Structures are given as structure tokens and as C-alpha cells.
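A.B. asks: For reference, the structure I am asking about is given below.
Derivation of every value follows stated rules applied to the coordinates shown; laboratory data play no part. Keep in mind that what you see is a predicted model, and the values were worked out from it rather than measured. Quick reminder, even Gly has a Cβ in these numbers, built from the backbone with ideal geometry, and neighbours come from all protein chains shown.
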């Protein structure tokens with residue numbers, strides 16, 4: 001099984017994915033294909049994502065039971081921790097203070113904090 005999730009993807013890419021996969025929700029595609037087909041679909045996503053972002057996850061014979069890749073601008077970065085892949089979150093705004101009790105700079109949205 002494989003899952004591809006796209007954000008801000010161009011319509012031509014969404015249409016291409018819809019030909020091969022079932023679109024469960026807007027931008028969420030699911031299917032069961034071979035490794036070769038999965039890699040080809042992912043290459044299409046990487047080549048055509050433009051300003052959007054995407055993640056692909058598939059069943060794999062490892063401790064987690066799945067593996068994943070990402071592409072495009074995103075706050076979530078894959079990291080390897082002793083052979084186990086995890087997600088690291090980048091801070092939403094680089095100008096936020098290090099001290100949590102200090103308010104963010106004026107005009108900075110605080111809903112992500």
C-alpha cells in the first residue's frame with residue numbers, strides 16, 4: 001500500500017495522480033502498486049510539484065512497517081535516529097524569542113506556538 005499527500009499541487013499533477021490512485025480526500029491519494037510504479041509516480045510528483053509540497057508513505061519491511069519521502073517546502077523534515085526515521089519540526093517563524101514566557105514580535109501570528 002502507498003499513500004501520497006500533496007498540498008498546493010498544480011491541477012495537472014492532481015489529475016495524473018487520480019489516474020493511478022484513489023483520491024480519498026482533496027490531495028490524499030491511496031493505492032497498491034509495485035516498487036517500480038511507486039518510484040515512477042513519486043518522480044512525477046517531484047518533477048511537477050512546483051511551489052507545493054508532498055509526502056509519500058508505503059509499506060516496508062522495517063521496524064516501523066513503513067517508509068516515507070518528502071519533497072517541496074515544508075516545516076517537517078525527515079531525520080534518521082539510529083536507523084529509525086522520524087519527523088523534526090522547524091520553528092514556524094525564525095524571529096520568535098527563545099524564551100517561551102516572552103511574547104512574540106508584534107504582528108506575528110501566535111496560533112502555531
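A.B. asks: Once the piece of chain linking residue 89 and residue 47 is laid out straight, how much longer is it, given 0.36 nm per residue of separation minus the C-alpha distance between them? Each step should come with its number before you reach the end.
C.D. replies: Numbers: separation 42, 0.36 × 42 = 15.12 nm, distance 2.44 nm.
Here the segment from residue 89 to residue 47 would lengthen by 12.7 nm.
A.B. asks: What FRET efficiency comes out for the pair residue 16/residue 81, r = Cβ-Cβ distance, R0 = 35 Å, nearest 0.05?
C.D. replies: So the FRET efficiency works out to roughly 0.55.
A.B. asks: Take the alpha carbon gyration tensor of region 2-89, find the square roots of its eigenvalues, order them as a ≥ b ≥ c, and report rounded if a/c is under 1.5; if not, report prolate when a/b exceeds b/c, else oblate. List each step's numbers first, then the result.
C.D. replies: Details: a/c = 2.08, a/b = 1.32, b/c = 1.58.
Oblate.
A.B. asks: Taking neighbour counts of Cβ atoms within 10 Å as a proxy for exposure, in what order, fewest first, do 34, 53, 67 appear?
C.D. replies: 34, 67, 53
A.B. asks: Given R₀ = 30 Å, what would the calculated FRET efficiency be for residue 62 paired with residue 24, taking r from the Cβ atoms and rounding to 0.05?
C.D. replies: 0.75
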